[in-house]
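Nothing in this text is a laboratory measurement; each read-out follows from the coordinates by a stated rule. Keep in mind it's a predicted model, so treat the numbers as computed, not measured. Positions of Cβ are backbone-derived with ideal geometry, glycine not excepted, and every protein chain shown enters the neighbour counts.
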Amino acid sequence: MSLLTGILAATLLVCNTFFWAPMLIVAAILKFLLPPLQKPLGALVNTFADMWIKCNSFWMRHAQPTQWTINTPTKLDKQGWYFVISNHQSWVDIMVLQHCLNHRIPLLKFFLKQELIWVPIMGFAWWALDFPFMKRYSKAYLKKHPEKKGQDLETTRRSCEKFQYLPTSVMNFLEGTRLTPAKHAEQQSPFKHLLKPRAGGLAFAMSVMGDSFHSMLDVTIYYPDGTPTMWSFLQGKMRRCHVEIREFEIPPHLLQADYQNNPQEREQVQQWVQQLWQDKDDLLERLSSEYHPAA
């Protein structure tokens, strides 16, 4: 039965993608060829992506037996600007985030490395959806080319200028990679349920477009029956999913911090992120105790 469920869900996902992708690509080409119409065509591209997510949510509700527990703020605004962070355990997290937040806030967009724009098909889709591409220089490179200092921020800032006119949610996994027991042990993470967070990614996003964000959303995803793979998720083996979403104002010192050049301000950002992650770890421990009291 699980095999049939997986085949059905995978078929629905593929069909949904092939239905909306051509329209998204055509709108993206027109957007590239007709700069004066970038704003309405950008909105149209977002609409196609939004419908793709909506259709995915439809088959997830009707073809999957998952019991969802989603606790979310009551006053989220689909016309707002949000910076969204989350713990990261599986590629399924992206499906969960889209399912929980679609139509509550604007379409989620991820900061991507500049090199990913050359990924076949997907790079074009990410460009069409106005995903912000980061061009980062290493410390070794900047030592040899000091004239490039600050240009990475300016390049990404220019790519985010369009967000001033179209409501946007920027998504960032602060851990930088998916949690696995091996990675947890290798890092010697001080957190029981999380990898170490990377404050630099958050600081970079704040320096680029922090003034544009209305607030921050902290998402905690918990899988009571174990972290699913994409295939086990499609098979309907993700029986339960618990999602906690909390909203708070972005502290002023995060918006103003010079993370790269001011050690004191960098330390303040890192301490703030560490406390945020400790609170998240405590929440995951509480959820674990509630779902598995015997353990």
Relative contact order of the stretch 194-295, please, whole-number percent, based on alpha carbon pairs below 8 angstrom and at least 6 residues apart. 34 percent
Which entries in LYS109/LYS183; LYS75/LYS237; LYS54/LYS237; LYS113/LYS144; LYS196/LYS237; LYS109/LYS144 show an alpha-carbon gap greater than 23 Å? LYS109/LYS183; LYS75/LYS237; LYS196/LYS237; LYS109/LYS144
Under a crude label model (7 Å from the Cα following the beta-carbon direction), how far is HIS184 from LEU30 in nanometres? 4.9 nm
Distance between modelled label sites at ALA43 and ASP258, nm, 7 Å Cα→Cβ extension: 4.0 nm
Over the stretch 23-134, relative contact order from alpha-carbon pairs under 8 Å, at least 6 apart, %: 30 percent
Output ³J(HN,Hα) for the stretch 15-25: one whole-Hz value per residue in order, computed from phi by the Karplus curve 6.51 cos²θ - 1.76 cosθ + 1.60 with θ = phi - 60°, and x for Gly and Pro. 4, 4, 5, 5, 6, 8, 4, x, 5, 5, 5
Would you mind checking which residues have amide H under 5 Å from MET171's amide H? H placed 1.01 Å from N; only 5 or more apart, or other chain. VAL84, LYS109, PHE110, PHE111
With contacts defined as alpha carbon pairs under 8 Å and 6 or more residues apart, what's the relative contact order of the stretch 65-291 in percent? 30 percent
Under a Cβ-Cβ cut-off of 13 Å, what is the net charge of the residues other than ILE70 that fall near it, where Lys and Arg count +1 and Asp and Glu count -1? +3
Under 4 °C and 1.567 mPa s, how fast does the chain diffuse according to Stokes-Einstein, given a Kirkwood radius computed over C-alpha pairs? Answer in µm²/s, whole number. 63 µm²/s
PHE19 paired with SER57, simple spin-label distance in nm, labels 7 Å along Cα-to-beta-carbon: 1.6 nm
What Kirkwood hydrodynamic radius do you get for the stretch 1-97 when you take the inverse of the mean 1/r over all pairs of distinct Cα atoms, in Å? 16.1 Å
So for each of 22-29, 167-174 I average, over its residues, the number of other beta carbons within 10 Å; can you give me the resulting order with the highest mean first? 167-174, 22-29
May I ask you to work out the translational diffusion coefficient for the stretch 184-255 at 20 °C, viscosity 1.002 mPa s, via Stokes-Einstein with Rh from the Kirkwood sum over Cα pairs, reported in whole µm²/s? 141 µm²/s
Exactly which chymotrypsin sites (Phe, Trp or Tyr not before Pro) in the stretch 1-94 are in a DSSP loop and have at most 16 other Cβ atoms within 10 Å? TRP91
